[in-house]
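Contents: one structure, followed by commentary.
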Amino acid sequence: MKRYINILALITIILAAVIPYLNSIHNPFIWDEEVMIVGNPIIKDWKYLPDVFKTNIFGGPIGSSGFYRPVYTLSFMLDYSLWQLNTIGYHLFNIFLHALNGILLYFLIVKLCLRRNIAWLAGLLFVLFPINCHVVALVAGRIELILGFLSLLYVLSFLNGIERSKAYFLVSALLFISSLFTKESALMLPFITLAYAFVFLEKEKRQKLVLPLAVLIAILFAYPILRYFLFGSPLGGTLSLINEASFLERAYTFPKILLTYIQLIAIPVILKSEYNFVVHTFKDPYVWLGGLGLMSIFSLILNFLKPKKHALFFSCWFLIGLAPYSNLAIPLHATLMEHWGYFSSMGFAALMSMAIFKTAEKISRWQRYIFVTMIVSLAIFYAVKIIERNKEWGDPFVLYKRDSEKEPNSFLLHCNLGVEYFRRGMLEDAKREFILSNKVCPGAGYDIAYNNLGVIYAREGRISEAVSYYKQSIALNNYALAYANLGGLYNNLKMYKDAISVLGGGAGLYPLNVEILYQLGAAYYEDGQLGLAKQAFQRVENIQKDYSKT
């Protein structure tokens, strides 16, 4: 009977994970995917496998900004080897991972000795939360899917180490390391197992976990230290309003971040690509009223839900999952992004499921019918919301236009919208968005927007302004396309020495960028350095055989 119940539960979770996302499988590559996948030669040939571990997710130098996520890049290499640039395969893989995470969450909750109906509803709610649409419908959102998959396996392996064989502790340590090579926020995983040990285990059993926990804690401290010495400090250089705020302002903002995540998971009325807000004063209602509200919510959870230990554990799960995105220790490139809530939404789903069944037990039979109708209606609302959001992700122009209206302080959205205007030949609209992107961008501006303005001014014949913008783009963040565009402009102006100087620097940073290498070869050729020109063209040919210019 348990086997049949499991099969039925898993089938419904899989259907709930798959059906709402079917209209996303034809969505094009957008946003970072154009660089990470379409324009990234590293993922297109297994001979570049060593480079996966020496570059960032965009195929460039790692640097202090991070984005050293080789497991993530490897998933795209696998995808490309199977279906090249056919987006359907990439989207299907995302949906598969999401369904798999719903199944693993179900088995984890069952393993924690909660009733199967609670585990089933938690898995169902988790795969239906519209906040996770950013993760599933966007190919680039896969990083959260992989991290969620490895994290759930990590927790299950650790629990097996307690209950079955100590060999599982070694598996959990390897999964932890793999998670760190997927995304830096995996540093929170040992705290999940610590929470489990203190909530569920008696003192004698906790003492037996000293060694495996010590190993995990050692990895926890070793990883950021190695990252610091190899790639530099992660502090500084981040473009966001929250990064411009003081520590006290970020602390004031934290209650609003938590409340916003709760609202987006439970009642997602409006979804958007990113959220930029800062609470500047203690007098703001989100600080004192929000703090009291959060304390009331978690107090109600701990007093109302049974078993109390499970309520406490999944509350810890929710909070620990959001800790890396609190902006308290390290300010991020946005105050809040929906995909950052993927792992925490698992804990929230468990709490929500417990609350639903607890409520159902306390009401009369006829009230129960109304209550069930409300829950079914909520699930349908979630599914419809996912389908609607998938349509927005399917049209970049619509997505960027709508989301930039909802979040006018997003320099990323304004820049992306400008690119879509540019592709439609609407240069004045594109220029307006690029200028606005730099205007709302904290600091000296956005390197990509400067490059894009350079392209427009070059087309208009305003050469000195184009050169200036390209140089600003390079100075801000060594943007690869700015090197290629400035070098190409110098070539057109027959300033070959200047082109060689710029492009040589770009090729040193981006040795696999075919645009830079081709322009460098052209500069060498026109400068009479035929041997160096031949070498540059041959490098382009080795990287991309169908690059017609060579």
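Some observations on this one:
- One residue from Met337, Met346 being farther than 19 Å from Gly123 by Cα and within 33 Å of the chain's Cα centre (by Cα): Met337
- Residue among Lys494, Lys471 that alone is more than 28 Å from the chain's Cα centre (by Cα) and in contact (Cβ under 8 Å) with a residue 24 or more places away in the chain: Lys494
- Residues of region 238-266 satisfying the condition of being loosely packed, with under 15 Cβ neighbours inside 10 Å and more than 25 Å from Leu292 (Cα to Cα): Glu244
- Test for Phe198: is it assigned to a helix (DSSP H, G or I), in contact (Cβ under 8 Å) with a residue 60 or more places away in the chain, surrounded by fewer than 20 Cβ atoms within 10 Å (Cβ to Cβ) and not polar (S, T, N, Q): no
- Answer residue from region 521-535, given it is without any contact (Cβ under 8 Å) to a residue 24 or more places away in the chain and in a helix (DSSP H, G or I) and is least open to solvent (accessible area, probe 1.4 Å) among those: Ala533
- Close Cβ contacts (under 6 Å, 6 or more residues apart or on different chains) running from residues in region 111-129 that are farther than 28 Å from Ile270 by Cα to residues that are open to solvent by 60 Å² or more (accessible area, probe 1.4 Å) comprise Arg116/Ile5.
- Test: residue in region 219-227 that is basic (Lys, Arg), in contact (Cβ under 8 Å) with a residue 40 or more places away in the chain and open to solvent by less than 20 Å² (accessible area, probe 1.4 Å): no
- Filter result (open to solvent by less than 20 Å² (accessible area, probe 1.4 Å), closer than 27 Å to Trp31 by Cβ and of a type in the set (A, V, I, L, M, F, W, C)) within region 267-283: Leu271
- Region 65-91 - residue that is in a loop (DSSP other than H, G, I, E, B) and among the aromatic types (Phe, Trp, Tyr) and, of those, modelled with the highest pLDDT: Tyr68
- Leu427, sole failed condition from (1) under 26 Å from Ser24 (Cβ atoms); (2) free of Cβ contacts under 8 Å to residues at least 60 places away in the same chain; (3) open to solvent by less than 50 Å² (accessible area, probe 1.4 Å): (1)
- Annotation: Arg389 fulfils all but one of (1) within 30 Å of Ile118 (Cα to Cα); (2) of a type in the set (Lys, Arg); (3) open to solvent by 60 Å² or more (accessible area, probe 1.4 Å); the unmet one is (3).
- Subset of region 41-59 [at pLDDT below 85 and within 19 Å of the chain's Cα centre (by Cα)]: Thr55, Asn56, Ile57, Phe58, Gly59
- Against the test of being within 25 Å of the chain's Cα centre (by Cα) and open to solvent by less than 40 Å² (accessible area, probe 1.4 Å), the options Val440, Val502 yield a single qualifying residue, Val440.
- One residue stands out among those in region 169-195 that are among the hydrophobic types (A, V, I, L, M, F, W, C) and farther than 16 Å from Leu156 by Cβ: the one that is surrounded by the most Cβ atoms within 10 Å (Cβ to Cβ), which is Leu180.
- Subset of region 359-413 (residues that are of a type in the set (Gly, Ala, Ser) and either assigned to a helix (DSSP H, G or I) or farther than 30 Å from Val278 by Cα (or both)): Ala360, Ser364, Ser377, Ala379, Ala383, Gly394, Ser404
- Of the set (1) in a helix (DSSP H, G or I); (2) in contact with a Phe, Trp or Tyr (Cβ under 9 Å, 6 or more places away or on another chain); (3) of a type outside the set (A, V, I, L, M, F, W, C), all apply to Thr182 but (1).
- The listed residue being at pLDDT 95 or above and either more than 26 Å from Val455 (Cα to Cα) or among the aromatic types (Phe, Trp, Tyr) (or both), out of Ser344, Ser377: Ser344
- Some residue of region 78-94 being closer than 26 Å to Val155 by Cβ and touching a Leu at 6+ places or on another chain (Cβ under 8 Å): yes
The values are calculated or read from the model by the stated rules, or taken from the named source; none is laboratory data. It should be emphasised that the depicted structure is a prediction, and the values quoted were computed from it without experimental measurement. Positions of Cβ are generated from backbone atoms using ideal geometry, with glycine treated the same way; all protein chains shown enter the neighbour counts. Heavy atoms of the whole protein, side chains included, go into the accessibility calculation; ligands, DNA and RNA do not. Shrake-Rupley method; radii C 1.70, N 1.55, O 1.52, S 1.80 Å.
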